[in-house]
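S.K.: Supplied in C-alpha cells, the structure appears directly below.
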Amino acid sequence: MSRTIRLTVAQAVVRFLACQYSERDGVQQRLIEGCFGIFGHGNVAGLGQALMQAELEGGEEALRYFQCRNEQAMVHTAVGFSRMRNRLQTLACTTSIGPGATNMVTGAALATINRIPVLLLPGDVFATRASGTVLQQLESPRGHDVSVNDTLRPVSVFFDRVWRPEQLTSVLLGAMRALTDQANTGAVTIALPQDVQAEAWDWPVELFNARVWHVARSLPETAVLQEAVAAIRASERPLVVAGGGVGYSQATDALRRFAEATGVPVAETQAGKGSLAWNHPQSVGAIGATGSTAANALAAEADLVVGIGTRWSDFTTASMSAFGDPRVRFVNINVTALDGHKLSGLSVVADAREALQALTTQLAGWRADPAYTDRATGLARVWDGAVAAAYDLEGDPDAAPRQSQVIGAVNDLSGPRDVVVCAAGSMPGDLHKMWRTRDVKGYQVEYGYSCMGYEIAGGLGVKMAAPDREVIVMVGDGSYLMMAQELVTALQEGIKLVVVLVENHGFASIGALSQTVGTPQFGTSYRYRGDTGRLDGDILPIDLAANAASLGAHVLRADTLGSFRQCMSQALASPWTTVVHVECDLATGSPSSRSWWDVPVAEVSTLPVTRAARTAYEQEKASQRGHLRPFA
Ligand SMILES: Cc1ncc(C[n+]2csc(CCOP(=O)(O)OP(=O)(O)O)c2C)c(N)n1
Ligand SMILES: [Mg+2]
C-alpha cells in the first residue's frame, strides 16, 4: 500500500504546483512561480483556502499569491513573465466562476497565439448539481455539462475539467506536459468545479514529490538538414528572417555565429526583434509591413529565405507581398511543423539553436557573395540614417513632439539592458522600425494578438521576471483607457515601472489606417458629438495623467521634447512607478517601410473617398502572391 495524504482538491493543486520544475540544458527552475487570483464564490473556499493555508504554513516553498484588478490583466502579466523567462517558467491564474473566468478568454487567446505558456484555473459550476442553478451559471438547453468555461476551449492548447477528485492527477500531469511542450504551448486551462475544489481525497504522497519537466531541444533530421544546406549553398541572395523562436531557444549567439560565418544578412519579425544587436553589420532590421527599407529591399530580391522560429504572420510577409523573386524558396526552422510547412517551405522541425549550430558546421567554408553581404550592410546604414533623422526631426521646440522623437528619446535615455514593452496602436510598428535593440530581452512587444490593454499588465510580468532591469511600458491613450488598473498592482507589490503614456486623443493608428481604406478618421478620435450629430465636436477633456495619479503612480507631464527628456530622466532615476504623460503630434514622424498590409477596401461605395481608396488598394493587391511552388 502506498502512503497517502488527505487534502482537498484545491490543496492538492497548490501543493503540486509548488513542486514542479522545468529544466533545459541542465538548468532547473521552478515552473510555476506564483499564482495571481481574484476570488469569488467559485474559488475563495477552494483555491483561496488552499493558497492561504500554503502561505501560512509553507514559507518560501509555497505558491505565492498575488492580487490583481482584472482577470484578463493577470493572464497578460503571466504572459509578460513567461516571455521574459523564455517560456521556461510561468504563473498560474485563479478565478471565480462566470465573469471572472470569461474575463480570461482574451488573455488566453493572446497566450496561445504567441505560444506562451500560462496556467489558468477558472472555478466552475457544481459537479454534483446539488444546489440547482448557481449564481453566474449559464444554462444550456443542449446539455447540463456546458458552462461558460467552454469558451476557453478553442483558445487553450490544453483544456480539462475536474469533475471528480480521482481525475486530478491525470489532469495535472497533462497540464504540465502542455506548459513545457515548446512545439504546442499556450494557455493551459484546468476548470475546477467549486464543490470539487473543496472535496477531500487521499492522494498518493509521490504526487507531491519534486517533478522535473525536461524541455527538449529537438534535433533536425539529417536528410532534411542536408537539403537545407544544399539550398543555402546554391543560393545567391539568401536572407534570414529571425522570429520569436530564436530568443526562446536562447539561440542568439548561435545566430550571430551563423551570420558571421556565412555572410547572410538577418532581418527580424516583431517577436524576433533583438535576435541580433541593431548595429551588427549584418543586421538589416525589421521586416515586412512595419519593416526597414533594407530588409524589405532584400526580401524583394531574395532567392532563399531561411525563417527561424517565425509564424510568418501577415505583418512579416507584408500580406504575401514581401518576397518578389518568382523562384524564391523558404527553409523554415521551427519546433512546430505547423509553421515549418508555411510558404511551401522545407520544414526543418528542430530547436533553433540546434539547427543553427548544425547549419554553421555543415556550411563551413561557404559564404554568400561578399558583394551581396556588403550591399545588405549598406542598405542597413541607409535605414539607420532615416531612423536617426526621425529621432532628430527638426521643428518648433515648443510644439508637441512626434512619436518618432519620443521613441528616440526613450532609446537614448534608457540603458542597454532596459526593456521596452508595448502591444497595440501606432507604437508597435514604429518601435519595430525604429527601436535600436541592444539586448536580446530588451524588446518585449506583444504583436501576435496586439491586444490593447496588454501594456501595463504585461510590463508588470516582465518586471517580475527581471527585477534588475528598468521596464519601460509604452502605451497609447486608447490602450491605457482600456486597462490601466494594474498600476495599482505595481504599487501594491512595490514593483517599479516607467510608463510612457502617449496622448494623441484617440486611436491614431486606426485613424491613419482609415485614411488609406476610405473611411477617413471615422470613429477614431476622442471627440464630443458635434452639431452635425457626428463625433466631430471638440476634443474630450480627458485627463489621463490625473487618472494615473489617482491610481497611485507618480506622474510627470510633458508637452515638448525637451520637457519629455527631463521627465524621462527623472522617471528612470526614481524608485517609484512613474507615468510620463506626453502630448504627441498626430503625425508620428516615422519613416516609410515601403511595404503593404492587406486590409480590404469596400468594392462598391457611394463615397468618392472610398472609391479612390479601392483603386489604390487594387494596385497594391497586385503585388500579393501565393508561395505554392513545391520546395523540391
Ligand atoms: C482589444 C483591442 N481592441 C481593438 C484593437 C484594434 N486597434 C488596434 S490599435 C487601436 C487604437 C489604439 O489606440 P492608442 O492606444 O491610443 O494608440 P494610437 O493608435 O493612438 O497610437 C485599435 C482600436 C486592438 N488591437 N485591441
Ligand atoms: Mg492614441
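S.K.: Enumerate the pairs (first residue in the range 391-417 and on the phi > 0 side of the Ramachandran plot; second residue anywhere and open to solvent by 40 Å² or more (accessible area, probe 1.4 Å)) with beta-carbon separation below 6 Å, excluding pairs fewer than 6 apart on the same chain, so at least 6 apart or on different chains.
M.R.: none
S.K.: Check Pro428, Pro467 and return the single one that is outside any strand (DSSP E or B) and within 11 Å of ligand 1 (Cβ to nearest atom).
M.R.: On inspection, the qualifying residue turns out to be Pro428.
S.K.: Taking the range 345-380 as the search range and keeping residues that are open to solvent by 60 Å² or more (accessible area, probe 1.4 Å) and in a helix (DSSP H, G or I), which one is nearest to Val229 (Cα to Cα)?
M.R.: Filtering the range 345-380 for residues that are open to solvent by 60 Å² or more (accessible area, probe 1.4 Å) and in a helix (DSSP H, G or I), the one nearest to Val229 (Cα to Cα) comes out as Gln362.
S.K.: Let me ask something else. Look through Ala294, Ala337, Ala302, Ala318 and report the one residue that is out of contact with any Phe, Trp or Tyr (no Cβ under 8 Å at 6 or more places or on another chain) and among the aliphatic types (A, V, I, L, M).
M.R.: Ala337 is the lone residue from the list that is out of contact with any Phe, Trp or Tyr (no Cβ under 8 Å at 6 or more places or on another chain) and among the aliphatic types (A, V, I, L, M).
S.K.: Of all the residues that make up the range 226-260, how many are in a helix (DSSP H, G or I) and open to solvent by less than 60 Å² (accessible area, probe 1.4 Å)?
M.R.: Final tally of qualifying residues: 15.
S.K.: OK, next. Could you check how many residues of the range 560-588 are of a type outside the set (S, T, N, Q) and modelled with pLDDT under 95?
M.R.: Going through the range 560-588 one residue at a time, the tally reaches 3.
S.K.: Quick one: in the range 538-588, of everything that is out of contact with any Asp or Glu (no Cβ under 8 Å at 6 or more places or on another chain), among the small types (Gly, Ala, Ser) and buried (at least 23 other Cβ atoms within 10 Å of the Cβ), which residue is farthest from Phe507 (Cα to Cα)?
M.R.: Ala571
S.K.: Ok, one more. Quick check on Leu497: is it away from ligand 2 (no atom under 13 Å from the Cβ) and under 14 Å from Ser414 (Cβ atoms)?
M.R.: Taking the combined requirement at face value, the residue satisfies it.
S.K.: Same structure, new question: Just need a number here: residues in the range 312-344 that are surrounded by 22 or more Cβ atoms within 10 Å (Cβ to Cβ) and part of a loop (DSSP other than H, G, I, E, B).
M.R.: Here the count works out to 7.
S.K.: Here are the criteria: (1) more than 16 Å from ligand 1 (Cβ to nearest atom); (2) open to solvent by less than 10 Å² (accessible area, probe 1.4 Å). Tell me which single one Met434 does not satisfy.
M.R.: (1)
S.K.: Sort out which residues of the range 170-185 are touching a residue at least 12 places away in the same chain (Cβ under 8 Å) and under 17 Å from Arg15 (Cα atoms), and write them in order of number.
M.R.: Val171, Leu172, Gly174, Ala175, Met176
S.K.: Now for a different question. When you look at Gln20, is it in contact (Cβ under 8 Å) with a residue 12 or more places away in the chain, open to solvent by less than 10 Å² (accessible area, probe 1.4 Å) and over 20 Å from Phe126 (Cα atoms), yes or no?
M.R.: Yes.
S.K.: Ala549 passes all but one of (1) in contact (Cβ under 8 Å) with a residue 60 or more places away in the chain; (2) more than 14 Å from ligand 2 (Cβ to nearest atom); (3) within 27 Å of Ala73 (Cα to Cα); which number fails?
M.R.: Answer for Ala549: the failing condition is (1).
S.K.: Residue pairs, Cβ under 8 Å, 6 or more apart or interchain, first in the range 474-491 and more than 15 Å from Phe36 (Cβ to Cβ) and assigned to a loop (DSSP other than H, G, I, E, B), second at pLDDT 95 or above and more than 16 Å from ligand 2 (Cβ to nearest atom). List them.
M.R.: Cβ pairs passing all conditions: Ala484/Leu551.
S.K.: Right, here's the next one. Name every residue in the range 261-294 that is out of contact with any Ser or Thr (no Cβ under 8 Å at 6 or more places or on another chain) and surrounded by fewer than 22 Cβ atoms within 10 Å (Cβ to Cβ), in order of residue number.
M.R.: Asn279, His280 - these are the residues of the range 261-294 that are out of contact with any Ser or Thr (no Cβ under 8 Å at 6 or more places or on another chain) and surrounded by fewer than 22 Cβ atoms within 10 Å (Cβ to Cβ).
S.K.: Whether any residue in the range 408-421 is at pLDDT 95 or above, crowded, with 24+ Cβ neighbours inside 10 Å and within 16 Å of ligand 2 (Cβ to nearest atom) is what I want to check.
M.R.: No; the residues of the range 408-421 include none that is at pLDDT 95 or above, crowded, with 24+ Cβ neighbours inside 10 Å and within 16 Å of ligand 2 (Cβ to nearest atom).
S.K.: Let me ask another. Residues to consider are Gly476, Gly511, Gly506; find the one that is within 16 Å of Val555 (Cα to Cα), within 9 Å of ligand 1 (Cβ to nearest atom) and not aromatic (Phe, Trp, Tyr).
M.R.: Gly476
S.K.: Right, something else. Give me a count of the residues in the range 325-336 that are without any contact (Cβ under 8 Å) to a residue 60 or more places away in the chain and over 18 Å from Ala230 (Cα atoms).
M.R.: Matching residues across the range 325-336 total 1.
S.K.: If Gln444 meets every condition in (1) more than 13 Å from ligand 2 (Cβ to nearest atom); (2) of a type outside the set (Ser, Thr, Tyr); (3) farther than 30 Å from Asp598 by Cβ apart from one, which number is that one?
M.R.: For Gln444, the failing item is (3).
S.K.: Pull up the range 504-537, narrow it to residues that are on the phi > 0 side of the Ramachandran plot and within 16 Å of ligand 2 (Cβ to nearest atom), then point me to the one that is least open to solvent (accessible area, probe 1.4 Å).
M.R.: Once the filter is applied, the top-ranked residue is Gly506.
S.K.: Cβ-Cβ distance below 6 Å, separation of 6 or more or different chains: which pairs start in the range 423-436 with a residue that is under 16 Å from Gly291 (Cβ atoms) and at pLDDT 95 or above and end on one that is near ligand 1 (Cβ under 8 Å from one of its atoms) and open to solvent by less than 10 Å² (accessible area, probe 1.4 Å)?
M.R.: Asp430/Gln403
S.K.: Output the residues belonging to the range 492-545 that are touching a residue at least 24 places away in the same chain (Cβ under 8 Å), closer than 24 Å to His581 by Cβ and in a helix (DSSP H, G or I).
M.R.: Within the range 492-545, Gln492, Glu493, Ala508, Ser509, Gly511, Ala512, Leu544, Ala545 meet the criteria.
S.K.: Next question, about the same structure. Anything in the range 23-57 that is touching a helix residue (DSSP H, G or I) at 6+ places or on another chain (Cβ under 6 Å), open to solvent by 10 Å² or more (accessible area, probe 1.4 Å) and farther than 16 Å from Ser96 by Cβ? List them, or say none.
M.R.: Ala54
The values are calculated or read from the model by the stated rules, or taken from the named source; none is laboratory data. Nothing here was measured: the structure is a model prediction, and the numbers come from that model. Here Cβ is always computed from backbone atoms with ideal geometry, including for glycine, and neighbour counts include all displayed protein chains. These area figures cover heavy atoms from the full protein model, side chains too; ligands, DNA and RNA do not enter into them. Shrake-Rupley method; radii C 1.70, N 1.55, O 1.52, S 1.80 Å.
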